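The values are calculated or read from the model by the stated rules, or taken from the named source; none is laboratory data. Values in this document were obtained by computation on a predicted structure and should not be read as measured data. Please note: Cβ atoms are built from the backbone with ideal geometry, for glycine as well, and neighbour counts cover all protein chains shown. Note: areas computed on protein heavy atoms with side chains; ligands, DNA, RNA excluded. Shrake-Rupley method; radii C 1.70, N 1.55, O 1.52, S 1.80 Å.
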Amino acid sequence: MRRAVCPGSFDPIHNGHVEIIARAASLFDEVIVAVSTNYSKNYRFSEEERVAIVEETVGGLRGVSALPMGQGLLADFCKEQGAEAIVKGLRSTVDYAYEIPMATMNRHLTGVETVFLQADTRFTHLSSSLLKEVQTLGGDVAEYFPRAVMKRLQKNSGT
């Protein structure tokens with residue numbers, strides 16, 4: 001069985017993430033969406049909420065599950081899960097330049113390879129941070145977020 005990990009903080013997951021996860025599911029037998037926490041960031045949703053949102057969003061995709069990554073190195077998480085690959089979406093050469101050193105280090109640490117998937121052009125401008133800012137300022141972001149996210153954002157804003 002070929003298993004891959006799609007890591008990210010997913011605060012919250014958006015349709016660009018979903019597109020990459022769905023494509024990864026077509027390439028691997030199993031895909032674990034690893035929900036990470038960077039303690040220097042301020043999150044809109046707790047880790048538990050983010051895992052639940054991801055599960056609700058991608059639960060219908062064959063072989064896809066979501067787990068909290070916990071503390072520690074992504075390479076170690078992959079090794080613990082028996083994953084042979086990390087799947088990362090790239091929006092631009094800026095993402096590529098940021099991801100290459102991490103991919104190289106992960107391969108050196110545990111042998112796990114990183115597979116880069118170019119984002120669909122419909123989503124190259126998206127980031128969770130940008131979408132949260134637009135939504136907070138009253139912009140309509142419904143076309144960019146899955147229903148599970150919109151439901152929670154509307155609940156939190158009282159609309």
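Residues of the range 113-141 that are assigned to a loop (DSSP other than H, G, I, E, B) and either under 19 Å from ARG23 (Cα atoms) or open to solvent by 50 Å² or more (accessible area, probe 1.4 Å) (or both): ALA119, ASP120, THR124, HIS125, LEU126, SER127, LEU137, GLY138, ASP140. Picking from residues in the range 65-113 that are among the charged types (D, E, K, R) and closer than 26 Å to LEU126 by Cα, the one that is nearest to the chain's Cα centre (by Cα) is LYS88.
Looking only at residues in the range 102-112 that are touching a Lys or Arg at 6+ places or on another chain (Cβ under 9 Å) and among the β-branched types (Val, Ile, Thr), the one that is least open to solvent (accessible area, probe 1.4 Å) is VAL112. Considering the range 143-159, and only residues there that are in a loop (DSSP other than H, G, I, E, B) and modelled with pLDDT under 95, the residue that is most open to solvent (accessible area, probe 1.4 Å) turns out to be THR159. Within the range 91-103, residues that are assigned to a helix (DSSP H, G or I) reach partners that are of a type outside the set (Lys, Arg) and open to solvent by 70 Å² or more (accessible area, probe 1.4 Å) with beta carbons closer than 9 Å, at six or more positions or on different chains, in the pairs ALA103/GLU113. Answer yes or no as to whether THR37 is over 10 Å from the mean Cα position of the chain (by Cα), open to solvent by less than 60 Å² (accessible area, probe 1.4 Å) and free of Cβ contacts under 8 Å to residues at least 40 places away in the same chain. Criteria met by THR37. Taken together, GLU55, GLU49 contain a single residue that is without any contact (Cβ under 8 Å) to a residue 24 or more places away in the chain, among the charged types (D, E, K, R) and assigned to a helix (DSSP H, G or I), which is GLU55. Only residues in the range 111-126 that are more than 28 Å from LEU73 (Cβ to Cβ) count as the first member; pair them with residues that are exposed (fewer than 15 other Cβ atoms within 10 Å of the Cβ), Cβ under 7 angstrom, at least 6 apart or cross-chain, and list the lot. As it stands, the answer is THR124/SER92, since those pairs meet every condition given.
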